[in-house]
Amino acid sequence: MSVLAAIAVLVILIFVHELGHFSAARLQGIHVTRFSIGFGPVLARYEGKQTEYTLCAIPLGGFVAFPDDDPESDIAPDDPDLLRNRPIFDRAIVISAGVIANLIFAYFLLVGQTATVGIQDLQPGLMIPQVDENSAAMVAGIQSGDVILSVDSQSLGSFPEATTIFIDKVKNSAEQPLSLEVKREEQILDLTVIPQSNEEGEGKIGVGLLPNVHLNRAQSLLQAFNYGAEAYQNVSVLTLQGFWQLISNFQENAQQVAGPVKIVEYGASIAKNNLGNLFQFGALISINLAIINTLPLPALDGGQLVFLLIEGLFGKPLPLKLQEGIMQTGLVLLLSLGIFIIIRDTVNLAVVQELIQQIGL
């Protein structure tokens with residue numbers, strides 16, 4: 001069920017993206033011939049007055065088709081309601097509407113989570129879920145549920161930086177006293193711990209560490225919108241930082257690029273632990289989908305906007321054959337990359353790895 005829930009979230013986000021394109025076109029009276037979710041064999045089809053609606057077997061994308069691309073269309077080439085005959089601004093609205101829809105939908109997902117199950121908010125410090133018996137932490141008086149706020153007068157801040165700072169301090173302080181500021185319920189305590197030395201000469205205190213997470217649940221509709229806005233800002237900043245790290249250190253971080261298979265695996269894991277967190281998972285993927293589509297690459301919305309920018313600057317579009325060549329090349333490259341990532345992520349799935357070991361490959 002958790003896998004199906006994750007797939008459902010992915011399909012909904014694709015639907016929202018394509019619905020953005022479709023709605024922006026139809027509200028302007030622009031002809032649309034097909035609205036499709038998924039690729040491959042058609043599972044369901046509905047023939048509307050102007051548009052065909054289809055649901056296909058492979059839920060890894062979708063598209064909105066215009067008669068501009070159909071050489072067999074019976075619509076006159078000079079029809080003012082063809083997308084290509086509309087002013088640049090009208091076309092830009094249609095092209096960017098999918099991204100805008102994903103960004104707006106992500107916000108309302110977070111509002112929905114804060115209004116229902118609540119949303120996790122990272123707080124400064126590290127939580128201690130367990131304290132080992134006879135450990136340095138137990139000797140120092142540290143208890144399960146305590147929150148470590150600072151070590152040697154250095155504030156830990158939030159996860160993940162807090163974990164790095166604390167572990168480094170402990171490792172480098174074997175048999176040396178460390179002063180800790182600890183929060184226990186509503187009390188602030190000053191404790192001293194002396195890390196024990198392990199076989200490598202590094203310090204250890206015998207505790208389990210978790211991010212200090214507070215669950216924010218809105219008590220009113222206005223509070224839900226406020227909490228949702230805060231969560232939206234946090235998720236957006238983290239996503240942009242992640243993209244910048246990927247671009248600036250691509251060789252080191254290329255393996256972290258995830259495709260649909262890995263995304264579903266993450267989503268299934270989240271749904272298995274807490275179904276309510278699918279709201280936040282959906283918001284994260286929706287914002288990622290929006291950012292990816294703004295990249296100035298052929299076959300993406302960003303690439304289409306680049307064509308419009310060139311047309312606006314030079315007063316005429318690039319030759320149609322050149323545009324088609326660029327788009328087809330970009331599409332082939334993106335599909336090839338997508339297939340590679342899907343195969344890689346599938347092979348790395350735990351269930352596939354177990355199967356490979358069983359058959360002795």
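Within the stretch 307-319, residues that are modelled with pLDDT under 85 sit with their Cβ atoms under 7 Å from residues that are aliphatic (A, V, I, L, M), at 6+ positions apart or across chains, in these pairs: LEU318/ILE310.
Open to solvent by 70 Å² or more (accessible area, probe 1.4 Å) and modelled with pLDDT under 90, is that true of GLU200? When the stated conditions are applied, GLU200 passes them.
On inspection, ASP68 fails the criterion of being modelled with pLDDT under 90 and over 19 Å from ALA299 (Cβ atoms).
Considering GLN123, GLN113, the condition of being modelled with pLDDT under 90 and under 30 Å from GLY61 (Cβ atoms) is satisfied by GLN113 alone. Identify, from the list ALA24, ALA5, ALA44, the residue that is aliphatic (A, V, I, L, M), under 25 Å from LEU284 (Cβ atoms) and modelled with pLDDT of 90 or more. Matching residue, one of ALA24, ALA5, ALA44: ALA24. Within the stretch 58-92, being touching a residue at least 60 places away in the same chain (Cβ under 8 Å) and part of a helix (DSSP H, G or I) holds for ILE88, ASP90, ARG91, ALA92. Quick one: is ASN293 under 27 Å from ILE93 (Cα atoms), at pLDDT 80 or above and touching a Gly at 6+ places or on another chain (Cβ under 8 Å)? Spelling it out, ASN293 is indeed under 27 Å from ILE93 (Cα atoms), at pLDDT 80 or above and touching a Gly at 6+ places or on another chain (Cβ under 8 Å). Scanning the stretch 133-169 for residues that are open to solvent by 70 Å² or more (accessible area, probe 1.4 Å) and either in contact with a helix residue (DSSP H, G or I) (Cβ under 7 Å, 6 or more places away or on another chain) or aliphatic (A, V, I, L, M) (or both) returns MET138, VAL139, GLN154.
The values are calculated or read from the model by the stated rules, or taken from the named source; none is laboratory data. Remember, it's a predicted structure, so these values are computed and weren't measured experimentally. All Cβ positions, even for glycine, are placed from backbone atoms using ideal geometry, and neighbour counts span all protein chains on display. Side chains included, ligands, DNA and RNA excluded: accessible areas come from the protein's heavy atoms. Shrake-Rupley method; radii C 1.70, N 1.55, O 1.52, S 1.80 Å.
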